[in-house]
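First up is the structure itself, then whatever we jot down about it.
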Amino acid sequence: MNEVLPLLGLCLRAGKLVYGDDAVAESVAAGNVRLIVLAADAGAAVSRRAARLSETSRVPVLRLDAPAEQLGWAIGRSKAAICGMTDIGFAASAAQKAAEADEQYAPLAQQLREKHKRMQSRRGTKKPRKKSAGAHTSGGMSKVTHTKGGGERA
């Protein structure tokens with residue numbers, strides 16, 4: 001499952017990765033995290049918190065077989081036990097790579113792939129907007145600039 005590690009670095013460079021216990025919890029609470037990634041040797045407190053975040057917000061958890069040092073190395077830190085992917089495309093790719101390495105992540109990969117497909121189909125559609133009568137006017141006020149000599153310029 002070490003194929004996920006380079007993807008984490010790419011995700012970080014794209015600005016779509018949060019790392020650290022508190023940062024991940026805040027992003028999950030804000031509804032921005034699509035996938036929580038845990039290191040193999042993440043502590044009991046971090047693992048419990050990730051499980052609790054997963055239950056309350058229905059964000060899936062992907063537990064790597066890499067230790068925190070390797071996870072941290074992938075994102076340019078000394079250690080990282082937990083990180084969260086905020087982009088659904090990166091999350092679906094990470095889940096797919098994990099499913100290729102370990103069959104237990106196949107349902108997770110399928111779930112994220114379907115969610116990504118739904119989001120992509122909605123991305124191109126826009127809601128029709130009503131045009132109001134005074135939308136392009138300045139509210140009846142004319143734009144007047146005053147000069148130093150007291151004259152007006154339009």
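No lab work stands behind these numbers, since they all come straight from the coordinates. From a predicted model like this one, the values you see are computed outputs, not experimental measurements. No Cβ is skipped: glycine too gets one built from the backbone with ideal geometry, and neighbour counts run over all protein chains shown.
I want to check the label-to-label distance for ARG48 and LYS115. Put each point 7 Å from Cα in the C-beta direction and report it in nm to one decimal.
Label at ARG48, label at LYS115, 2.5 nm between them.
Can you sort MET119, MET85 from fewest to most other Cβ atoms within 10 Å of each residue's own Cβ?
Ranking MET119, MET85 by Cβ neighbours within 10 Å, fewest first, gives MET119, MET85.
Specify whether the C-alpha gyration tensor of the stretch 4-123 places it in the rounded, prolate or oblate class, a ≥ b ≥ c being the square roots of the eigenvalues: rounded for a/c under 1.5, otherwise prolate if a/b is larger than b/c and oblate if not.
Rounded, because the longest to shortest axis ratio a/c is under 1.5.
Let me make sure I get this right: for the stretch 1-73, a, b and c are the square roots of the gyration tensor eigenvalues over alpha carbons, sorted descending. Under 1.5 in a/c it's rounded, otherwise prolate if a/b > b/c, else oblate. Which is it?
oblate
Can you give the extra length, in nm with one decimal, that the chain gains between GLU103 and ASN2 once fully stretched, where that is 0.36 nm per residue apart less the Cα-Cα distance?
34.9 nm
Report the per residue volume, in Å³, of the convex hull enclosing the C-alpha atoms of the stretch 35-82.
Taking the convex hull of the Cα positions in the stretch 35-82, it is 60 Å³ per residue.
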